[in-house]
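Remarks on the structure that follows.
The values are calculated or read from the model by the stated rules, or taken from the named source; none is laboratory data. Fair warning: this is a prediction, and the values are worked out from it, not measured in the lab. When we count neighbours, we look across all protein chains shown, and the Cβ atoms used for this are built from the backbone with ideal geometry, even at glycine. Accessible surface areas use protein heavy atoms only, side chains included; no ligands, DNA or RNA. Shrake-Rupley method; radii C 1.70, N 1.55, O 1.52, S 1.80 Å.
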Amino acid sequence: MAPSAPRTRAAAALRMKQIALDNQGRTIRLLRAQLASERRGLATMKKELEDTQVALEASHKVIAGLTEIGLACPKKIEKMKVKKQLAKENHVECHQKFQARIQEAKDSMQAQHLIIEALVDEKDSLLQTIQGLQEANNAPAPFDGD
């Protein structure tokens, strides 16, 4: 029984490393899917920002045009100036919020990218360890390594 014990332990260690590799592979696929989803969300946010900017610019042009025509009533002119200022402030606030959301998405994607790289490096290390164990035990490969 003693001669088979090291082989059994080695096989168990090899199987545990294979399970860890499988789990990392699933994690990598999940993170890649999340990364793709974040990228799609970011693209949607950018499109929304562009649409909002176009609408706000059109609003600014209308306000500027009405101001240039020179409405007869000073109260109306003053109201339009207030609306223009509010629209400008709203535009700045929206722009800042979208920029913050875009930056958060970029930071999240960068963090996920770093995690994926670390997992891939760890996977490569585990594959090398498994190969070393297989060569040491003259055992056939239990998987094809992808």
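Taking each residue of the stretch 114-125 that is assigned to a helix (DSSP H, G or I) and looking for partners that are open to solvent by 60 Å² or more (accessible area, probe 1.4 Å) and charged (D, E, K, R) with beta-carbon atoms closer than 8 Å, six or more apart or interchain, yields 116/32. For the stretch 43-59, the condition of being in contact with a Ser or Thr (Cβ under 9 Å, 6 or more places away or on another chain) and at pLDDT 85 or above holds for none of the residues. Answer with yes or no whether residue 22 is open to solvent by 70 Å² or more (accessible area, probe 1.4 Å) and at pLDDT 90 or above. No. Residues in the stretch 30-79 that are touching a helix residue (DSSP H, G or I) at 6+ places or on another chain (Cβ under 6 Å) and open to solvent by less than 50 Å² (accessible area, probe 1.4 Å): 31, 35, 42, 45, 49, 52, 56, 59, 63. For the stretch 80-112, a residue qualifies if it is open to solvent by 70 Å² or more (accessible area, probe 1.4 Å) and of a type in the set (A, V, I, L, M), and the qualifying residues are 82, 86. Of all residue pairs spaced 6 or more apart or on separate chains, those with beta-carbon atoms under 6 Å, a first member in the stretch 80-104 that is farther than 14 Å from residue 64 by Cα and a second member that is open to solvent by less than 80 Å² (accessible area, probe 1.4 Å) and polar (S, T, N, Q) are 94/52.
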